[in-house]
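Values quoted throughout were computed directly from the atomic coordinates according to the rules given, and no laboratory measurement underlies them. These figures come from a predicted structure and were not determined experimentally. When we count neighbours, we look across all protein chains shown, and the Cβ atoms used for this are built from the backbone with ideal geometry, even at glycine.
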Amino acid sequence: MVHILAKGNSLLNQFIAELRDKEIQKDSLRFRRNMERIGEIFAYEISKQFEYKQKKITTPLGISEMSLPDSKIVNATILRAGLPFHYGLLNYFDSAENAFISAHRKYHKDGSFTIQFEHLSSPDIEGKILVLSDPMLASGASMEIAYKALIERGTPEHTHIATIIASNQGINYVKKHINMKNVTIWAGDVDDELTSKSYIVPGLGDAGDLAFGSKM
Ligand code: URA
């Protein structure tokens, strides 16, 4: 199942447009904050698929019976570009546990690259709801590596893959290389093109550099 949130008209489109805009994105504070706000919107949308239980809440004047989320959530992201988006998800999934995956592109002499997995910091994810976020789903290779590293820590009840901008190629790659039973993909928007260096076009540029500055 793939949900493309920009297909509906909402404020989300404004925040994604600001991330993409080459003038507005020069303000890195605003870039990070927009990613965080988008994380909050994703959390709200994804929460509609959790399990809910009736609970009695005591107010100063009586008892209110409410249907409340009853899922154990693990929020996972890929360093470093994923951090502001992850933080937005965590603002709403406030008691979620957290996992971090470190990976980098290893460039070869011919200009091609492979994704090199480095480190995973994760709680047990057995039977929990895994929300795995990466703002850009380009080739899909990092998402595959992250997901496969995480499921060595247990089998989640369900996995929500959350990405702000995906390429069609990335979505197809994930569908082909990850067992999609109990996996849902949530994309803010989907673009058609990928450069030879796996940058999404029109995309927004390098999300990690725009959020945190360039690196060596
Ligand atoms: N990562 C980015 O930051 N941007 C892309 O376009 C693809 C991957």
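Restricting the count to DSSP beta bridges whose residues both fall in the chain, what percent are antiparallel, rounded to a multiple of 5? Could the numbers behind the result be given before it?
Working: 17 of 46 bridges.
Of those bridges, close to 35 percent are antiparallel.
Semi-axes, largest first, in whole Å: what does sqrt of 5 times each Cα gyration tensor eigenvalue give for region 105-187? Walk me through the intermediate numbers first.
On the way: eigenvalues 101, 51, 21 Å².
Whole-Å semi-axes of the equivalent ellipsoid: 23, 16, 10.
Mind giving me the FRET efficiency for K7 and T114? R0 is 30 Å, r the Cβ-Cβ distance, nearest 0.05 is fine. Let's see the in-between values first.
Details: r = 33 Å, r/R0 = 1.10.
Efficiency computed from Cβ-Cβ geometry: 0.35.
Once you have the Cα-Cα distance between S196 and E97, take 0.36 nm times their residue separation minus that, and quote the gain in nm to one decimal. Present the calculation step by step, with values, prior to reporting the outcome.
Numbers: separation 99, 0.36 × 99 = 35.64 nm, distance 3.61 nm.
Extending this stretch completely gives an extra 32.0 nm.
With springs connecting C-alpha atoms under 10 Å apart, model the chain as a Gaussian network and identify which of L150, L132, L194 has the largest mean-square fluctuation.
L194
How far is the Cα center of region 1-32 from the Cα center of region 82-144, in Å?
Between the Cα centres of region 1-32 and region 82-144 lies a distance of 20 Å.
Would you mind counting up the charge near A96? Only other residues with Cβ under 12 Å from its Cβ, with Lys and Arg at +1 and Asp and Glu at -1.
Working: positive: K72, K128; negative: D94, E97.
Surrounding charge for A96 is 0.
In Å, the Kirkwood hydrodynamic radius of region 13-95 over pairs of distinct alpha carbons? All intermediate terms of the calculation are to be shown ahead of the outcome.
Details: mean 1/r = 0.0679 Å⁻¹.
Kirkwood radius, region 13-95: 14.7 Å.
Identify the chymotrypsin sites (Phe, Trp or Tyr not before Pro) of region 59-105 meeting these criteria: DSSP loop state and at most 14 other C-beta atoms within 10 Å of the C-beta.
Sites meeting the loop and neighbour criteria: none at all.
Once the other residues with Cβ under 10 Å from the Cβ of I178 are scored (Lys, Arg +1; Asp, Glu -1), what is the net sum?
On the way: positive: K148, K175, K176, K181; negative: E144.
Spelling it out: positives minus negatives among the neighbours equals +3.
Quick check: convex hull over the Cα atoms of region 76-216, volume per residue in Å³, rounded to an integer?
Values: hull volume 15.4 nm³, N = 141.
Expressed per residue, the convex hull around the Cα atoms of region 76-216 is 109 Å³.
How about region 110-216: which trypsin sites (Lys or Arg not before Pro) there lie in a loop by DSSP and see at most 16 other Cβ atoms within 10 Å?
K181, K197, K215
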